[in-house]
């Protein structure tokens, strides 16, 4: 995949939880696409949103600012924004910003699903 | 002008232009023996500097990447030059997530990220000429 390619896929949804796979470069266009999809999922009642970044290559500050819009909207409805499979540089970026204070961050999707899925 | 340890590019005015210097960072950074993770951090900082230059600068935006393999420790320097109105980097307040979450404008993270991701960030800016120099040292074993 070319570094500037962006891919967004709804990978899973179950009750309040929805999982989006985000690949490539998160810039302004990608951030807007994520925000739009998140808005649709929120309107459908998915208030726990997990962004799987295992195929995200690079992120820029404009994309990050759009993720903050998503976070704000989720917080307004008492939901949860979670991330998993961050590359070390993206993890460091989130740490610099202090995002861990407002979001849930998991090492991989299995750990995230175990923590976020409702008990059977 | 290019030699083995110095590469220069003028960013094209087209989508994703901020990524145009990334291959040069990879090329010279790998030559210096930077780890993949360190290079990813450097590239993120360079993308931020290029975004600022493309957004606020006018005319050509130039990026020069220079490797210093003989220095102890070896280091990589990237200079991004634009010809915009200039700005006072000291007057840019550090962003705080809590206030950004309640603000209409959520941008303004670029310089903060550069400062944390690089060993040195130097901004020299006057009307018509802004130079942002980013430096990262190689960690010695």
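The numbers here are math on the coordinates, done by the rules we state, and not lab data. Just so it is clear, the structure is predicted and the values come from calculations on it, not from any experiment. No Cβ is skipped: glycine too gets one built from the backbone with ideal geometry, and neighbour counts run over all protein chains shown.
When chain A is treated as a Gaussian network with alpha carbon springs shorter than 10 Å, the biggest mean-square fluctuation among A:32, A:76, A:21 belongs to A:76. Taking the C-alpha atoms only, the angle from helix B:36-56 to the longest principal axis of chain B is near 50 degrees. Eigen-decomposition of the gyration tensor built on the alpha-carbon atoms of segment B:1-77 gives equivalent ellipsoid semi-axes of 23, 14, 10 angstrom, largest listed first.
Given R0 = 30 Å, the distance between the Cβ atoms of residue B:71 and residue B:16 translates into a calculated FRET efficiency of 0.40. The distance linking segment B:34-63 with segment B:98-132 is 12 Å (Cα centroid to Cα centroid, whole angstrom). With both partners inside the protein assembly as shown, how many of the DSSP beta bridges are antiparallel, as a percent to the nearest 5? The antiparallel proportion sits near 70 percent. Compactness of segment B:3-137, taken as the C-alpha radius of gyration over 2.2 N^0.38 Å, stands at 1.06. The C-alpha atoms of chain B define a longest principal axis, and helix B:22-32 lies at about 40 degrees to it. I need the calculated FRET efficiency for the pair residue B:87 and residue A:76, taking r as the beta carbon distance and R₀ as 35 Å, to the nearest 0.05. In this case the efficiency is close to 0.55. Entry note, chain A: relative contact order of 23 percent, from Cα contacts under 8 Å with a spacing of 6+ residues. In a GNM of chain B with a 10 Å cut-off on Cα contacts, which of B:116, B:96, B:16 has the highest mean-square fluctuation? Of B:116, B:96, B:16, the most mobile in the Gaussian network model is B:96.
Rank B:75, B:115, B:105 by mean-square fluctuation in a GNM of chain B with C-alpha springs under 10 angstrom and give only the top-ranked residue. Checking each option, the largest mean-square fluctuation is seen for B:105. Taking label positions 7 Å along the Cα-Cβ direction at both residue A:104 and residue B:116, the computed distance is 2.3 nm, reported to one decimal. Between the helical axis of A:28-43 and the dominant principal axis of chain A, each derived from Cα atoms, what acute angle in degrees is found, rounded to the nearest 10? Its long axis makes an angle of about 0 degrees.
If a/c stays under 1.5 just call it rounded; otherwise compare a/b with b/c (prolate if a/b is bigger, oblate if not). Do that for the protein assembly as shown, with a ≥ b ≥ c from the square roots of the Cα gyration tensor eigenvalues. Because a/c hits 1.5 or more and a/b exceeds b/c, the protein assembly as shown counts as prolate. Using C-alpha pairs under 8 Å with a sequence gap of at least 6, the mean separation divided by the residue count of segment B:3-137 gives a relative contact order of 26 percent. Per the Cα gyration tensor, segment B:1-42 maps to an equivalent ellipsoid with semi-axes of 20, 15, 5 Å, ordered largest to smallest.
Inter-label distance, residue B:37 to residue A:12: 2.6 nm, where each label sits 7 Å from its Cα along the C-beta direction. Assuming 1.002 mPa s and 20 °C, estimate D for chain A with Stokes-Einstein, Rh taken as the Kirkwood radius over Cα pairs, in µm²/s. The estimated diffusion coefficient comes to 152 µm²/s.
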